[in-house]
Structures are given as structure tokens and as C-alpha cells.
Amino acid sequence: MILRRNFPKGFCIGLILVIAVNIFLVFYTKETLHNLILGRLHKEFHLPPPEWDGAMIKRLSRLEMDLQHLKDGMQLVMKQQENKDHTQKRIEDEVHPARKAVETPERETKKQQNRPPKKLFPNSPLFKQWGDKLSEAQQKEAEDLFQKFGYNAYLSNQLPHNRSLMDTRDSRCVQKSYPSLLPSLGVILIFMDESLSIIQRAITSVISRTPPRLLKEIILVDDFSSNGELKVSLNEKIKLYNQKYPGLLKMIRHSERRGLAQARNTGWAAATADVVAILDAHIEVNVGWAEPILARIQEDRTVIVSPVFDKICFDTLQLEKYGLAVHGFNWELWCRYDALPQAWIDLNDVTAPVKSPSIMGIMAANRLFLGEIGALDGGMLVYGGENVELSLRVWQCGGKIEILPCSRVAHLERYHKPYAMDLSIFLKRNALRVAEIWMDEYKQMVYLAWNIPLQNSGIDYGDISSRIALRKKLKCKPFDWYLKNVYPLLKPTLNIVGYGRMKNSLDKNVCLDQGPVPGNTPIMHPCHEFSPQNIYYHQTGEFYMGNLIAEANSDDRCLTDPGHGEKPTLERCSTAAQSGLHIHWDFKQGRAIVNRDTKRCLEIRKHSSGAYMLVLQKCTTQTWELQYIIRNWDQTDVQ
Ligand code: UDP
Ligand code: MN
């Protein structure tokens, strides 16, 4: 009886439980799938993380460049990802030890606590895509290490030094064979405040992915790190490596900070191998990376080569494949990726070296040839510009630069650098050095792009006499030759007569500004030193606004009177001219800005809120001042 009476009740409870479990499973699966799909989409399309920090105006300039760099890279990658091997994600999941190494302790933690751990650093970039399940103590440790190094050193410490990487080469590279007799290779790894495990992983990758018969030496250069573990512990590790591979590793330490160019030179001077590969210490070389380099330099000792970089993400340390592109730069001499040359595409050989106007930094060269052309410019400080300097020197003085599609190096892209908060000071200073030594009559483009006065800039770019003497000794060609023959994509704008901030007589605290991006409505905005307020006035009457665009195929934006309404707009200069828009303005220093076609004036009007609005109207008595004048242009100068 009891059984019979209880049976339906038990059955019901059982049924309810089964249904509940099923519902839970459905939701769980859906959620998991959702996460998987989103995660996969994120990865497949390389969506950039939303890393905007509006409060840090000081870092805006650098950030702006980083984002531009990132964006350019992303666009290229997305374009070239169409040919991507679709097994990439699966392979990576299978072989990526990062996940396995951290998932186990994370799962353990989960079991112990039912509720998820509190997020201690909700705004930290480190935890945007990683570390959800870390305990509070682990989060704190990871965040501390992230602040110190600019990447996930916590995770790096848990990963094996010999972790596998997906092979990012095209399959045709894998089939390629190289001469059995190749020059010997010396690898130089420079560092300054790097995590020990990251350096060990770099060393391990070089040892395990370079044929032993070719690898002559690994030279480590410490540019005066302050990180204690890089002294005793690294020395011990080197001893261990050398026990296994006698005499392979050499350590050189600077006794003061000398910057990346001098660190690379120190490594070069200590090398003895036929070919030197000069790399950062936060890299992992990939399978087969050395042979294409050695074979190409054996063929031609005057060619300086760069491998193709893939990206190691600063947070997950996962590898992302980058597409093949050439290395270029803009007029700030900041690096960017450019499209592959048609001549290379026409070769129809994805393994062929690609002629490139520049390198991004990492490179390999015949050791003696690099010395003959002057190694790196030791007058460069801290970071930046040295790569463009070497590139111009190589091309202008008889060498060449190529990217080798079959040589791949994974490079860790740090979130911030441990050696300087604001790099723009050094980028700017080093760029002027390059301009003054190598760029002849085009040097003013660098001043314009950085918004620096042509005379009395107040920037000390150091003594350049020995580099000018080197240029003479090597009988180098002019920059004009380089522009026309090597980098026609870099577009000089030579008829600019004034540039800088544009201020109205009514209030000197606000400046003409390109306005929100995306968007094409210029505004008045409190003055600052960043490129949205760059104005370039042309002898022919156009006002370019914002970044000075350096590519021949893209277009600067021109201040335009649309002919109706009272708001000016920004239009692409070339199409605006073709469609008869009113982009030509009469302007003299300290006078009105008058549109040549509509005769309306660009003026400002105070809104009831106190802010100024930019308007086109019948001219009153308002006048404007442009920050820097290139020539004293007078009435007869302007058409
Ligand atoms: N570096 C150096 N001394 C410095 C600044 C940088 O030795 O004063 C090294 C740094 O450790 C790294 C290389 O220069 O190995 C390139 O710098 P980083 O990786 O920060 O630049 P990125 O690769 O992001 O352009
Ligand atoms: Mn680097």
C-alpha cells in the first residue's frame, strides 16, 4: 500500500527532477554554445578590445597611434584571413597548453566555492577576457605582475617554456627546401625589465626550433633592468643552458640604460656568427623560422630581412596569426602595415620574399654588412625611429629590405611598456633625427606631422655629424630617390603654408577641431596637443584637418562650405574638388577665413550653454590665427 500510494508521488518527484535537469542542461548548453560562438567570433574576426580610457589625456597621442597601428594590422589581417586555414582554432585549442595549465586549478577553486570570486580589478585590461575564476589572492598577484610587465606574467609563469605553437606558415612554405650548407646564425635577444619566464620561453623556442648545426650563439643583452630576478636567477638559468649546450649563451649587461638601438648594437658587436637575428626577448620563434632567413642572406649579403610577426596577446598569451604585409610608416615615422606590392602578387609565389620600404624593428642581416652600413644609429634614445633610420639608410645606401613570408616569429604585444609612460617624447625626438639626417627637402613633413615649428623647435635630437659623415662616405642616394623608387605610397604634401592650432580672436582657449569620429562636422573645442586639432593650410586654399594622411591612395579631409545651412563639413579633398564642393578659402594670418565661392566667413558663436559653435555666416569682424607659418605668404602669394 505504502508502495502503491508512494509510487506515483515518487514518480512525480523523479519526473520533475528529470525535467529540471533537462531544462538546466538545455540552458547550460545554450549558454556554453553562446560563449563558444561569441568567443570564436571574437577570435575569428580579431575584434579589438574596447580599450579607451578617456581620462588619460596624456597617453592619448600614444594610444591613438597604437590604436591606429592595431587597426591597420586588424584590417590587413581580416582581409587576408579569407585564406586562413580553418583548422587553426581547433589546432590551437588542442595544443594550447595555456588553457590546460590554468583550467585545472581554476576548476578546483570553483568546486571549493559556490559563488564566483569577487572581481577585484573590474577595470583592468588584464581581466577583460581572462581570469574570471581566479581567487582574490591570485587576481592580486596577476594584476601586480601585469602592472610591472605590461602582460600576463602570472600566466606565463605557469606555461611550459617549450609550449607548442600553431604553425602559421602557408603550406607551400612547409614544402620548400633550402640548401644544406647555410651560414651560421647568432640570435640577439635584448630586454629591459622582462619577466624571467618570458625570456626563458624565447631562449627555449630558439634552441628547439633552430637546427643545432646552424645556431652558433644566443646573446642576451640586458639594458639595465631593475627587475631583481633577472640578475641571479637568469644567470643560473644561463649556466644550466650552457651545461646542456656548451658555450651557446652569452649574457651582456649595460650598467646604465642606453635604449634599444644601443642594446641591439651591443649584441651585434658581441656576435661572431655569419648572420645575426636581432629580436626582442618577448618572442617565440616558430618552426622553420631560420632557414628562409639564412638562405636569403646567403644569396644576397646586402639584404636585411624581417620575419612575419604573429601576435601573442598580452592577456591570454594565445597566438593570433597575422596576415602578410609590408612594413611602412607615416610622416610621424610611426610604423604601419601596407598592402602587398602588385609585382609580388604577380609572381604568384607566396613563399617569395616581399620587397619592403621598412622594417618594424626585429630583423636579420649579414653581420659584416650590417657593420659596413653603420649598424643602428646609437644616437637614438630609448625607443622608436631607429627602425626607419636603418631602413632609409639601407635603401639609400645600396642595400634592400625584404619580408620573408616563410619565416614566422610570434611577438608579444604588450599593453604598456615598462620603460616609459609617454613614448611620444622619444618618438618625436628620434623622428627629427631621422628627418635631419636622411630626408633632405622632405624633412619638413615630419615637423608638420608632429606639429613642431620648423625653426627653434626646442627639441634636442643630439649630434648628427657622424651620421651625416657616414651618409657621405657611403655615397647614399637622396630621399627623393627613395620616395619615388621604394616608397611611392608615402605621399608628401609640399604646398602647405601654415599649420598647427587655429584660434579665433573671440577666445584663445578654444581651437578648431575635426569633431567626433566617425563624423564630418568640425567643432570648436578646448585646445589640446593632439592630432584632431591639426590644421594644414595650403597655398591653393584648402584646409586639411586632423591627421596628415601619408598614403597615396587615401585622402585627407578638407574643410568645406556645403553652400546651405550654417554648419561647415569635412569632405575627402579629392572627391570634394571633383564634385564642385566649396573647399577653397582665403586666409591670411590674423584675418578672416572667407570661402572663395560662397563668400561666407568661418566664424564662432557663443551658445547659451557657454560653448562656442562653429558657423558659416555673413562676415563680421572675427579673425583667426594659425599657430605656425611656413613662409610669409602675402596677398600676392595666395591665388
Ligand atoms: N628596449 C631596450 N631599452 C629601452 C627600451 C626598449 O632594450 O630603453 C628593448 C625592449 O626590451 C624590447 C625592444 O627594445 O626588447 C623593443 O621594445 P618593445 O618590445 O617595447 O617595443 P615593440 O616591440 O612593442 O615595438
Ligand atoms: Mn616588442
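Okay, here's what the table says:
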| quantity | calculated |
| --- | --- |
| Total residues in the range 354-368, condition touching a helix residue (DSSP H, G or I) at 6+ places or on another chain (Cβ under 6 Å), part of a loop (DSSP other than H, G, I, E, B) and more than 16 Å from ligand 1 (Cβ to nearest atom) | 0 |
| Segments classed as helices (runs of 4 or more DSSP H), wholly inside the range 381-479, with at least 1 members that are within 13 Å of ligand 1 (Cβ to nearest atom), in contact with an Asp or Glu (Cβ under 7 Å, 6 or more places away or on another chain) and acidic (D, E) | 386-396 |
| The lone exception for L317 - which of (1) away from ligand 1 (no atom under 16 Å from the Cβ); (2) buried (at least 23 other Cβ atoms within 10 Å of the Cβ) it fails | (1) |
| Number of the exception - S391 against (1) open to solvent by 10 Å² or more (accessible area, probe 1.4 Å); (2) farther than 29 Å from S195 by Cβ; (3) touching a Pro at 6+ places or on another chain (Cβ under 7 Å) | (1) |
| Residue in the range 294-304 that is away from ligand 1 (no atom under 16 Å from the Cβ), crowded, with 20+ Cβ neighbours inside 10 Å, touching a residue at least 60 places away in the same chain (Cβ under 8 Å) and in a strand (DSSP E or B) present | yes |
| Condition met for S197 (among the hydroxyl-bearing types (S, T, Y), at pLDDT 95 or above, touching a Ser or Thr at 6+ places or on another chain (Cβ under 6 Å) and away from ligand 1 (no atom under 15 Å from the Cβ)) | yes |
| Strands (runs of 3 or more DSSP E) within the range 497-580 that include 2 or more residues surrounded by fewer than 22 Cβ atoms within 10 Å (Cβ to Cβ) and on the phi < 0 side of the Ramachandran plot | 507-513, 523-526, 569-572 |
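Each row is one residue, and each column tells you yes or no for (1) within 30 Å of L317 (Cβ to Cβ); (2) within 16 Å of ligand 2 (Cβ to nearest atom); (3) over 20 Å from the mean Cα position of the chain (by Cα).
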site	(1), (2), (3)
Q396	no, no, yes
G399	no, no, yes
L404	yes, no, no
V409	yes, yes, no
Y415	yes, yes, no
L423	yes, yes, no
L427	yes, yes, no
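The values are calculated or read from the model by the stated rules, or taken from the named source; none is laboratory data. Note that the structure is a prediction, hence the values are computed from the model and not measured. When we count neighbours, we look across all protein chains shown, and the Cβ atoms used for this are built from the backbone with ideal geometry, even at glycine. Keep in mind that these areas ignore ligands, DNA and RNA; they rest on the heavy atoms of the full protein, side chains included. Shrake-Rupley method; radii C 1.70, N 1.55, O 1.52, S 1.80 Å.
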